[in-house]
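First the structure, in the form of structure tokens, and then the observations on it.
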Amino acid sequence: MIDGNPKCHGKDDVEQKERPYPSERLQLKTVVPIDLFSNETWYGGFYEAAVILGKCSDNFADQRLRSAIVATWSIGSQTLASNRSTNDCNTETIERILNLRGSMSHDTCGLIAITTVVVRETDCDDGEDWLYIGIPLGGLSSTCPAVGGWPFGDRENSASWREPIENALAGIAIELAKSVSFQAAAIGYEIAGIVDNDIRNGKIPSDRLIGYVIPRRNSYQYFPTTRWD
């Protein structure tokens, strides 16, 4: 996961393409509390939804960013660490909420760690605000042994846990779109800055190594990953 320092890289009626969770293929440990303050939880890279909110120079950019963070942590079962609440996001400065950590309950993977990280490309011409919603593989592997040492090792069967994680991240992006419109979201492993203009313009390839959520007419549509190799 990239850090929160500014740098360059690189509602309507909201609908989601339904994808079944392949839970029967997952082996889960007994659910135990996640240690959000352990370094091991945050090792191994991040599965993430990279959401392009819009230009940093927009007059309403700060309010849009704050609204997106509050909305993300208000969706479903996400819970901020350290007994914080979404009210904190409304009252604290933008700088204090650029990187937040917490947990969420996942239907097939149990209780898992989750984070939001903001990148503001303020040093770039036409820079953009990005909101990254990330799930660390270190924490995920503690409840889902199938993760193992991925991305090393068994890639062929990794869809058993990657698909439900991607579906969950897409679901968060779809729900976020009900509160804050965005240009596009890319969903996959460590995918910072790879949303090209074709994707932003709605030209989604049929053969996909990552998933996308993009606006279509008056809704947002999820185009899931089609290849897991």
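Structural remarks
- Considering only Cα atoms, the convex hull volume of the stretch 39-163 works out to 126 Å³ per residue.
- When the alpha carbon gyration tensor of the stretch 185-229 is reduced to an equivalent ellipsoid, the three semi-axes, largest first, read 17, 12, 10 Å.
- The listed peptides 147-153, 67-73, ordered by packing as a protection proxy, come out as 67-73, 147-153 (highest mean of other Cβ atoms within 10 Å first).
- Tensor-based shape of the stretch 159-217 (alpha-carbon gyration tensor, a/c under 1.5 rounded, otherwise prolate or oblate): oblate
- Alpha-carbon Rg with Dmax, taken over the stretch 61-132, Å: 13.2, 42
- Overall form of the stretch 141-182 per C-alpha gyration tensor (a/c, 1.5; a/b vs b/c): prolate
- Pairwise Cα distances in the stretch 80-229 exceed 21 Å in 50 percent of cases.
- Residues Asp88 and Phe37, FRET efficiency given R0 of 25 Å [Cβ-Cβ distance, rounded to 0.05]: 0.90
Computed from the coordinates by the stated procedures, all read-outs in this text should not be read as laboratory data. From a predicted model like this one, the values you see are computed outputs, not experimental measurements. Note that each Cβ is placed from the backbone with ideal geometry, even for glycine, and that neighbours are counted across all protein chains shown.
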